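Here the structure comes first, spelled out in structure tokens, and everything after it is commentary.
The values are calculated or read from the model by the stated rules, or taken from the named source; none is laboratory data. Only a predicted model underlies this, so the values are computations on that prediction, with no experimental measurement involved. Reconstructed Cβ throughout: ideal geometry from the backbone, glycine too, with neighbour counts over all protein chains shown. Side chains are part of the model used for accessible areas, which takes the heavy atoms of the whole protein and leaves out ligands, DNA and RNA. Shrake-Rupley method; radii C 1.70, N 1.55, O 1.52, S 1.80 Å.
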Amino acid sequence: IGSNFGRTTSGSNLPKQVNALRSVKTGWSNNAGSGISGTYNAAYDVWFSTGSGGDMMAPSGGYLMVWYSKPNGAQPIGSPDPMPVTIPGVSGTWEVWLGQNGGRPCISYVRTQATDSLEFDLNAFIQHATTRGGAIQSSWYLTNVFAGFEIWSGGVGLKTTAFYAIVE
């Protein structure tokens, strides 16, 4: 779902300023844990813009990613914090990776135990990221919530079985 450069998903309630977010309830299920060969992740890719109009090709603010697992031979942008964290209201523990993507901050949360289905409030990650050295700023606007696969090799047959995101 999203709102960028004059195009908006109907009923998405986007864009919305980070400091005005009440919740971003979401769920995503996929078949990545079903033995499909290859090197790939299953991840949310969340975009933030510095203004309410969004951006044409990439976010002007930053990126937040939520990886359902970390595949062998691939990793998020940047480097990991040595201590995994728990996110209030979200199951599991999470590695936190900080780096730059095209000169923009990118914070990635990687689940330490793989899952292929999760329902949670994405705002818990967003608010946590605002406390991590400017990774996400409260004055920015949430513009896009994507869920999908980054494929380095293989991955034939990957599919989403359910997805929703409700921004309030």
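Per residue, how large is the accessible surface of the chain? Use a 1.4 angstrom probe and give square angstrom. Each residue of the chain exposes 47 Å² on average to a 1.4 Å probe. Rolling a 1.4 Å probe over the protein heavy atoms leaves Thr161 with an accessible area of roughly 90 Å². Of the listed residues Met57, Met65, Met83, the order by accessible area with a 1.4 Å probe, largest first, is Met57, Met83, Met65. Coupling constants for region 25-41 follow from the phi torsions by the Karplus curve (6.51 cos²θ - 1.76 cosθ + 1.60, θ = phi - 60°), and in residue order they are 5, 8, x, 8, 10, 8, 9, 4, x, 9, x, 5, 6, x, 10, 7, 10 Hz; glycine and proline get x. Annotation for Asn72 and Thr115: the two label points, set 7 Å from Cα along the Cα-Cβ direction, are 2.4 nm apart.
Computed over the chain, the per-residue total of -39500 (n - 2.57) for DSSP H runs of n ≥ 4 gives a 222 nm mean residue ellipticity of -1500 deg cm²/dmol, rounded to 500. Between Cys106 and Tyr63, Gly99, Gln100, Asn101, the built amide H atoms are under 5 Å apart, and every one of these is 5 or more places off in sequence or on another chain.
Judged by the ratio a/c of the largest to the smallest principal axis of the C-alpha gyration tensor, region 1-94 counts as prolate, that ratio being 1.5 or greater while a/b is larger than b/c. For Gly54, the residues whose amide H sits under 5 Å from its own are Phe5, ignoring neighbours fewer than 5 places away on the same chain, with H placed 1.01 Å from N.
Got a sec? What order do Arg22, Arg111 fall in by accessible area at 1.4 Å, biggest, i.e. largest, first?
Details: Arg22 175, Arg111 35 Å².
Listed by decreasing accessible area, they come as Arg22, Arg111.
Nonpolar atom fraction for the chain, defined as the carbon and sulfur part of the 1.4 Å probe accessible area, stands at 50 percent.
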